[in-house]
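J.: This is the structure I want to talk about, given as structure tokens.
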Amino acid sequence: MAPDPIPSKDKACKRVLAAIPDLFFSSKVSGTARQLGISVQLAGSRQALLEAARSRPDLIIVDLDADSVDPLGVVGELRSLAPSGAPRLIAFASHVREAVLQQAHDAGYDDVLTRGALAANLPGLLAALR
């Protein structure tokens, strides 16, 4: 029996990097990704987020309440790690944090969503990576 061929880059497992301190919500993201065959790596600190981002994940999701990663300050560094072909950066927060959502947009995130919108659109966002 011939060995299985090495998967091409486009068939390789897609990867999501997430900084989400809320265990319930990070579990929701991980579970949805797992169902779609997408791996998720969670980062609990700014240093861990930046180190993991060097491996060029396909998507980075940052909770704007993740104070340990400095969500508004880290976006520029995430962009500089891969200036061409940088992964899509999504930030999210509660709908009542309008000012923070606007600051995230201004800081350079590709998409800024409310927590509810991210939860509702998560399967589609992740499926689009495949």
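The values are calculated or read from the model by the stated rules, or taken from the named source; none is laboratory data. Not measured: the values here are computed from a predicted model. Neighbour counts are summed over all protein chains in view; Cβ atoms, including those assigned to glycine, are modelled from backbone coordinates with ideal geometry.
J.: Would you mind telling me which numbered condition in (1) at pLDDT below 95; (2) within 21 Å of L126 (Cα to Cα) L59 fails?
T.: Unmet for L59, out of (1) at pLDDT below 95; (2) within 21 Å of L126 (Cα to Cα): (1).
J.: Look through the stretch 55-94, keep the residues that are aliphatic (A, V, I, L, M) and over 17 Å from D106 (Cβ atoms), and return whichever of them is surrounded by the most Cβ atoms within 10 Å (Cβ to Cβ).
T.: Ranking the candidates gives I61 first.
J.: For the stretch 71-130, give me each residue that is part of a helix (DSSP H, G or I) and among the acidic types (D, E).
T.: E77, E98, D106
J.: Out of contact with any strand residue (DSSP E or B) (no Cβ under 6 Å at 6 or more places or on another chain) and not in a loop (DSSP other than H, G, I, E, B), is that true of S27?
T.: Yes; evaluated as a whole, the condition is true for this residue.
J.: Let me ask something else about it. Within the stretch 81-97, how many residues are at pLDDT below 95 and over 17 Å from F25 (Cβ atoms)?
T.: Going through the stretch 81-97 one residue at a time, the tally reaches 8.
J.: To continue, here is another question. For the stretch 43-51, does any single residue satisfy the condition of being loosely packed, with under 14 Cβ neighbours inside 10 Å and charged (D, E, K, R)?
T.: yes
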